[in-house]
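A quick write-up on the structure given underneath.
The values are calculated or read from the model by the stated rules, or taken from the named source; none is laboratory data. Predicted, not measured: the structure shown is a model, and the values here were computed from it. Cβ sites come from the backbone with ideal geometry, for glycine too, and all protein chains shown count toward neighbours.
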Amino acid sequence: MYCLWYFIFLFDRWAAQVSKQTGLVWPSGDCKPIIATLRTPVELIVDTDATIFRDKDDLDWFEGAYVQIDGMGTVLIMKHDNNPSGLTALYVDASCHVNSAVTLLVQFFGLSPKDVKWQTKA
């Protein structure tokens, strides 16, 4: 459990840096992690108009993507290469309502309950 918490802490810390690198602008000025899954960014963005990229931050190289979802706005997808949990995190604008964001992300990406390894609390 500690490993999962640490993973979310690190992803949250570096999401702002990634936003600067990709040119993403969050309406509220920040983003927050909503869901973590074992599915990769490439698996998640199949059949979407997502922009995929590869970059590195203070932690590690990562695979990332971002996509626009109606009713939510931008979703940032990140998976660090050497993440011990192997999880991919999905971020939304910090002003988004958590329960609505979870519902929209699960529907948009076709996630099953088994796919969701972590989700933020409302």
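Looking at region 1-39, which of the residues that are among the hydroxyl-bearing types (Ser, Thr, Tyr) and modelled with pLDDT under 95 is surrounded by the fewest Cβ atoms within 10 Å (Cβ to Cβ)?
2
Is there any pair linking a residue in region 94-112 that is within 14 Å of residue 70 (Cα to Cα) to one that is in a helix (DSSP H, G or I) and not hydroxyl-bearing (Ser, Thr, Tyr), with Cβ under 6 Å and at least six apart or on different chains, and which?
109/44
Taking region 99-122 as the region of interest, how many residues are outside any loop (DSSP other than H, G, I, E, B) and either over 17 Å from residue 74 (Cβ atoms) or out of contact with any strand residue (DSSP E or B) (no Cβ under 7 Å at 6 or more places or on another chain) (or both)?
10
Name the single residue, out of those in region 46-96 being among the aromatic types (Phe, Trp, Tyr) and surrounded by 19 or more Cβ atoms within 10 Å (Cβ to Cβ), that is farthest from residue 110 (Cα to Cα).
By that ranking, first place goes to 62.
Rundown of residues vs (1) among the polar types (S, T, N, Q); (2) within 13 Å of residue 45 (Cβ to Cβ); (3) at pLDDT 95 or above, yes/no style:
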| site | (1), (2), (3) |
| --- | --- |
| 83 | yes, no, no |
| 101 | no, no, yes |
| 108 | no, yes, yes |
| 115 | no, no, yes |
| 120 | yes, no, no |
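Please determine, by comparing only the residues of region 34-45 that are in a strand (DSSP E or B) and not small (Gly, Ala, Ser), which one is farthest from residue 105 (Cα to Cα).
Taking the candidates together, the pick is 37.
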